[in-house]
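Working notes, beginning with the structure itself.
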Amino acid sequence: MCESVKRVRSKSVTSSDVDSYLDRAKEQNGGSFADVHVEEVKSLGRIVPVFLTIIPYWTIYVQMSSVYFLQGERMLLTIGGFMIPVSSLNLFNIIIILILIPLMDRLVYPCLANLGLNFTQLRRIGFGMILASLSVVAAAIVEVCRKQDLRTNGGIPQDISGTVYNSSSISVFAQIPQFTLIGASEVFTSITGLEFAYSQSPPSMQGVVMGMFLLTTGLGSYLGSLLVVIVNAASHDDPWLPDEINDGYVERFFILLAVLMILDFIVFVILAWRYKYVEREEHKKLKILFNHKHNSLETLLYENLNTHLFLQI
């Protein structure tokens, strides 16, 4: 990048010769770096900002295995004397994924393509973000109704693994929409995100870029933990997320996540609108450059080895 800046200042390469200021660092334009390396940096420069906007999505996603469960523990888990494990609601997340993946891949996407509607990878990712925000909105509605029921009916003592919770009379199955929506969002944002990471990354860095995408999952989880700390610190006198959520305002936390997701979605839309996809021809070009560089290195090593053997003889 420093090399590019120097080349820009020197004006030694005309703007008509380059598509990006990074092109000035290429050896063919008088720079110091191989063409393939410059193309790889340009690809990362397009991909990484998109990855950053996916981090808040994972912040919502991890609520499925944390705050959603805390909410479920304080809802009615018994049906006909049988207690439903609160974690069993995750089954609806799995079911919707198993249904949607073949349905979208074999039916919906081809039909949209035949109709001339280009449901691109970034559009799918953005649609998944919308579904994720709807999931926490649904969770907020359930929480408001649950707490209203507690105030009206006083709650039901419910023993879960030796711990007694004051639970609402509303069935835990009221959580089905939020688990289903977050599962559907995974089909669009997570799975398509992996496809995007692989198809748009340089051939020699596909594994690294895929790893960077998976890194956003961990960063989203850390962001969620940080938000809990910040929210509880800001609402210290009347915390939103106390140890006993019946005394807190979990619905406000859900709405906060939805608002943050919407703001992040706006940034994502701007990036997606400006994003230039790497087409197959560009991938072929990168592969040719990479293979040429690889073959040149093999030739150099072979020549050095022959020289070394000759000197020994």
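The values are calculated or read from the model by the stated rules, or taken from the named source; none is laboratory data. A quick note: this is a predicted structure, and the numbers were derived from the prediction, not measured. Note: ideal-geometry Cβ built from the backbone for every residue, glycine included; neighbour counts use all protein chains shown. SASA here: full protein model, heavy atoms, side chains in, ligands and nucleic acids out. Shrake-Rupley method; radii C 1.70, N 1.55, O 1.52, S 1.80 Å.
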Are any residues in segment 40-63 surrounded by fewer than 21 Cβ atoms within 10 Å (Cβ to Cβ) and over 15 Å from ILE125 (Cβ atoms), and if so, which ones? VAL41, LYS42, SER43, LEU44, GLY45, VAL62
Contact list please: Cβ distance under 8 Å, first residue in segment 228-244 and touching a residue at least 40 places away in the same chain (Cβ under 8 Å) and at negative phi, second residue of a type outside the set (Ser, Thr, Tyr) and surrounded by 10 or more Cβ atoms within 10 Å (Cβ to Cβ), pairs at least six apart or on different chains. LEU241/VAL67; LEU241/VAL228; LEU241/VAL231; LEU241/ASN232; LEU241/GLY248; LEU241/VAL250; LEU241/PHE253
Residue in segment 68-80 that is least open to solvent (accessible area, probe 1.4 Å), counting only those that are over 17 Å from LEU150 (Cβ atoms) and in a helix (DSSP H, G or I): TYR68
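In segment 194-213, which residue that is out of contact with any Asp or Glu (no Cβ under 8 Å at 6 or more places or on another chain) and among the hydroxyl-bearing types (Ser, Thr, Tyr) is most open to solvent (accessible area, probe 1.4 Å)? Steps first, answer last, please.
Let us first name the residues in segment 194-213 that are out of contact with any Asp or Glu (no Cβ under 8 Å at 6 or more places or on another chain), namely 194-201, 203, 206-213.
Retained after the next criterion (residues that are among the hydroxyl-bearing types (Ser, Thr, Tyr)): 198-199, 201.
On the way: TYR198: 123, SER199: 33, SER201: 1 Å².
Result: TYR198.
Being part of a helix (DSSP H, G or I) and of a type in the set (D, E, K, R) is the filter here; which residues of segment 226-278 pass it? Talk me through it step by step, then tell me what you get.
From segment 226-278, those part of a helix (DSSP H, G or I) are 226-234, 245-247, 250-274; that's our starting set.
Of everything in segment 226-278, those that are part of a helix (DSSP H, G or I) and of a type in the set (D, E, K, R) turn out to be ASP247, GLU251, ARG252, ASP264, ARG274.
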Which condition number does SER225 fail, the rest of (1) open to solvent by less than 40 Å² (accessible area, probe 1.4 Å); (2) of a type in the set (Gly, Ala, Ser); (3) over 13 Å from the mean Cα position of the chain (by Cα) being met? (1)
